[in-house]
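Participant: This is the structure I want to talk about, given as structure tokens.
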Amino acid sequence: MSENGSLLAVEDVNAYYGESHILRGLSLEVESGEICALLGRNGAGKTTTVRSIAGATPPVVRSGSIHFRGKDLTDVPPDDRSIGGIGLVPEERRVFSNLTVEENLHMADVSRNKSNLIRRNIENPAETVDVNVIYEAFPRLDERRDQLAGTLSGGEQQMLAIARALRQGPDLLMLDEPYEGLAPQIVEDVEDAIDRINNEGTTILLIEQNAIAAMAISDRCYVIDQGEVVFEGPSDELKADEEIRQQYLGV
Amino acid sequence: MSAVQQLFSILLNGLQLGAIFALLGIGLTIILGTMNFLNLAHGALYLIGAYAGMLIMRVITLRTGLLMDLGIQNLGLGWGFVIALFLVPLVGFVVGVLMERLVAKPFYKRPHTDQLLVTFGLALIVEELVKQVIGGNTFQSQAPDTLLGLQVSGPISLPIVGGFPRWRLVIILIAFIVIALTWLFMEKTDWGLIVKAGTLDSEMVSLLGIRIDRSYALVFGLGAALAAFAGLIGTTFETVRPQIGTQRALVPAFLVLVVGGAGSVRGAIVGGIVLGTVLAGFQQSYAQWADIAMYALVALVLIFRPQGIFGSVEVEE
Ligand SMILES: Nc1ncnc2c1ncn2[C@@H]1O[C@H](COP(=O)(O)OP(=O)(O)OP(=O)(O)O)[C@@H](O)[C@H]1O
Ligand SMILES: [Mg+2]
């Protein structure tokens, strides 16, 4: 843990796509056990933030630091971050459409193979979650184990993306617009799933376009604009702060 | 020859050519699919396989080249085909892994043009080295007489087709065993799963905790081993000279890639057989049109199905 006990501490990060400066001295913290929402307009830098945390490049983080459980992630590659407990449900799902549901979920086991872990120094590998536990939580996936992921409906693919991340047993699960393109009924299902995951002890960093929904489910919020934090605080406070909501979220 | 007879003999010859095309295409396609890397040195691996195979199997007489100038007249181990069958893919694998680490890796994130330039340069270097060291002359093909005590030379009488070279049947058999093993590897192992997932979205694979570069080296080595194996097979029925890498391996491998689709092993197998059969058909009827027919087929695929028969991505964005 870092000094103040945050699970994740992003400090003064400057991140670039080529020469364009996207995150401008961005800082945020996520406390263990909470649901933290990251809000902002299109192009505000939300995806760039989670990609930086996950270690995906580009963007390139040129300065600032990211600590996870007190450990500096600067030189930690994305695969080690994943095994170390940072999970990501990326924008647009990115399930492996040419693999079956079962094979998509099997990637967690592949990542823990001896041949994959050899000559790597991962301090606290997260423990994977048994696939049957996952199937119990997502019965729709259970019924479609042998179906190619590419043939699933959008909502089912979203479930699969979440399930795939959950199998890694992450301490921190980052979800980048998990409701994108889903019917309201499915949104509720996914929301329930997120709530359940959180109740079972996983910390959540949630990116959401729909600020109302995000404020409802989260404990705390960050609003970012042009790569800078313009609001941070309890979600109730944001609900009350009409000016910020009007200016940066348009609601 | 009756029409039916001719048809079956075309199919058999097509299978034989196609198996070799498929072996070449599989390597190229999985390397392009997973690493998004275009390898013009793929033919050089065939060349290395052919010369390594020849030198392991036989003892050849040098007529030109550096080694001859140094007073070496006879070169080769003369250990026979079976030993070569194990050693040549191994040589290919090692060369492939080295190629991946030293040449390909620094160019993964570079544009395809840069990759083409560096690998084409490498292909020229390998070809020129072979020419300078072992000589630029042509060596005749040589197939074994016996294999594990069984006679494999001479003609065999098949139903319908009639007389057919026994060795060609053996080649078909061995090549398809190797193709089947490759397919099993891709379908049934975790490595294969990584390769398939990586073909679609390699970044996502690493975001799931998998160190994908390791699979890259393995995939490259595997593709190289298959190309070298194809080279070994080639020496048993075609002449060997330094230019075969480009002429007999690189060009067919790319045609297979276009027909089968980038990243698809199944596509490479089917594409190889289709191209092999078309080529065999024309070779037996209108030989002078054979190459043109093959390019025409590829052009048709490019026009009507640019992503190839089984491909999910187009060869060039
Ligand atoms: N690969 C890239 N190359 C160059 N610029 C990029 C790239 N990805 C994003 N950007 C730019 O970075 C800025 C932040 O993008 P980002 O994807 O982080 O926004 P976001 O907050 O996630 O938006 P959205 O709500 O639309 O998903 C945008 O101006 C975008 O154009
Ligand atoms: Mg985004």
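The values are calculated or read from the model by the stated rules, or taken from the named source; none is laboratory data. These numbers come from a predicted model, not from an experiment. For neighbour counting, all protein chains shown are included, and Cβ atoms are generated from backbone atoms with ideal geometry for every residue, glycine included. Ligands, DNA and RNA are stripped out before the accessible areas are found, and what is left, the full protein with its side chains, is counted by its heavy atoms. Shrake-Rupley method; radii C 1.70, N 1.55, O 1.52, S 1.80 Å.
Participant: Scan the range B:173-186 and give yes if some residue there is open to solvent by 40 Å² or more (accessible area, probe 1.4 Å), within 14 Å of chain A (Cβ to nearest Cβ), of a type outside the set (Lys, Arg) and free of Cβ contacts under 8 Å to residues at least 12 places away in the same chain, otherwise no.
Facilitator: No: zero hits.
Participant: Given B:LEU122, B:LEU129, which one is under 28 Å from B:LEU62 (Cα atoms), more than 14 Å from chain A (Cβ to nearest Cβ) and crowded, with 18+ Cβ neighbours inside 10 Å?
Facilitator: The match here is B:LEU122.
Participant: Here are some residues: A:GLY33, A:GLY43. Which one is farther than 20 Å from B:GLU203 by Cα, part of a loop (DSSP other than H, G, I, E, B), away from ligand 1 (no atom under 16 Å from the Cβ) and more than 14 Å from every other protein chain (Cβ to nearest Cβ)?
Facilitator: One residue alone meets the criteria, A:GLY33.
Participant: Hey, another quick one. Of the residues that sit in the range A:69-114 and are part of a strand (DSSP E or B) and more than 8 Å from chain B (Cβ to nearest Cβ), which one is surrounded by the most Cβ atoms within 10 Å (Cβ to Cβ)?
Facilitator: A:ILE86
Participant: Right, next: Taking the range A:58-67 on its own, how many of its residues are within 14 Å of chain B (Cβ to nearest Cβ) and either surrounded by 15 or more Cβ atoms within 10 Å (Cβ to Cβ) or more than 19 Å from A:THR47 (Cβ to Cβ) (or both)?
Facilitator: 1
Yes/no per residue for (1) open to solvent by 10 Å² or more (accessible area, probe 1.4 Å); (2) out of contact with any Gly (no Cβ under 6 Å at 6 or more places or on another chain); (3) farther than 22 Å from B:LEU55 by Cα:
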residue: B:TRP191; (1), (2), (3): yes, yes, yes
residue: B:ALA197; (1), (2), (3): no, yes, yes
residue: B:LEU232; (1), (2), (3): no, no, no
residue: B:THR235; (1), (2), (3): no, no, no
residue: B:GLU238; (1), (2), (3): yes, yes, no
residue: B:PHE254; (1), (2), (3): yes, yes, yes
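Participant: Here are the criteria: (1) under 20 Å from A:ARG69 (Cβ atoms); (2) more than 13 Å from chain B (Cβ to nearest Cβ). Tell me which single one A:ARG145 does not satisfy.
Facilitator: Of the numbered conditions (1) under 20 Å from A:ARG69 (Cβ atoms); (2) more than 13 Å from chain B (Cβ to nearest Cβ), the odd one out for A:ARG145 is (1).
Participant: State yes or no: is B:GLY76 open to solvent by 50 Å² or more (accessible area, probe 1.4 Å), small (Gly, Ala, Ser) and farther than 30 Å from B:PHE37 by Cβ?
Facilitator: So B:GLY76 does not fit the description; no.
Participant: Another one. Among the residues of the range A:11-18, is any at positive phi and in a strand (DSSP E or B)?
Facilitator: Taking every residue of the range A:11-18 in turn, at least one turns out to be at positive phi and in a strand (DSSP E or B).
Participant: Considering only the range A:157-166, state which residues are open to solvent by less than 10 Å² (accessible area, probe 1.4 Å) and either more than 12 Å from chain B (Cβ to nearest Cβ) or more than 16 Å from ligand 1 (Cβ to nearest atom) (or both).
Facilitator: Of everything in the range A:157-166, those that are open to solvent by less than 10 Å² (accessible area, probe 1.4 Å) and either more than 12 Å from chain B (Cβ to nearest Cβ) or more than 16 Å from ligand 1 (Cβ to nearest atom) (or both) turn out to be A:GLN158, A:LEU160, A:ILE162, A:ALA163, A:ARG164, A:ALA165.
Participant: Still on this model: May I ask you to verify whether A:ASP189 is more than 16 Å from ligand 1 (Cβ to nearest atom), within 14 Å of chain B (Cβ to nearest Cβ), among the acidic types (Asp, Glu) and touching a Leu at 6+ places or on another chain (Cβ under 9 Å)?
Facilitator: No, not satisfied.
The rows are residues; the columns are (1) open to solvent by 30 Å² or more (accessible area, probe 1.4 Å); (2) part of a helix (DSSP H, G or I); (3) touching a residue at least 60 places away in the same chain (Cβ under 8 Å); (4) closer than 18 Å to B:GLY27 by Cα.
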residue	(1), (2), (3), (4)
B:LEU45	no, yes, yes, yes
B:TYR51	no, yes, yes, no
B:MET68	yes, yes, yes, no
B:GLY96	no, yes, yes, yes
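Participant: Within the range A:24-54, how many residues are within 16 Å of ligand 2 (Cβ to nearest atom), open to solvent by less than 30 Å² (accessible area, probe 1.4 Å) and out of contact with any helix residue (DSSP H, G or I) (no Cβ under 6 Å at 6 or more places or on another chain)?
Facilitator: So the count comes out to 10.
Participant: If a residue has to be within 16 Å of A:VAL129 (Cβ to Cβ) and away from every other protein chain (no Cβ under 12 Å) to count, how many in the range A:167-180 make the cut?
Facilitator: Count: 3.
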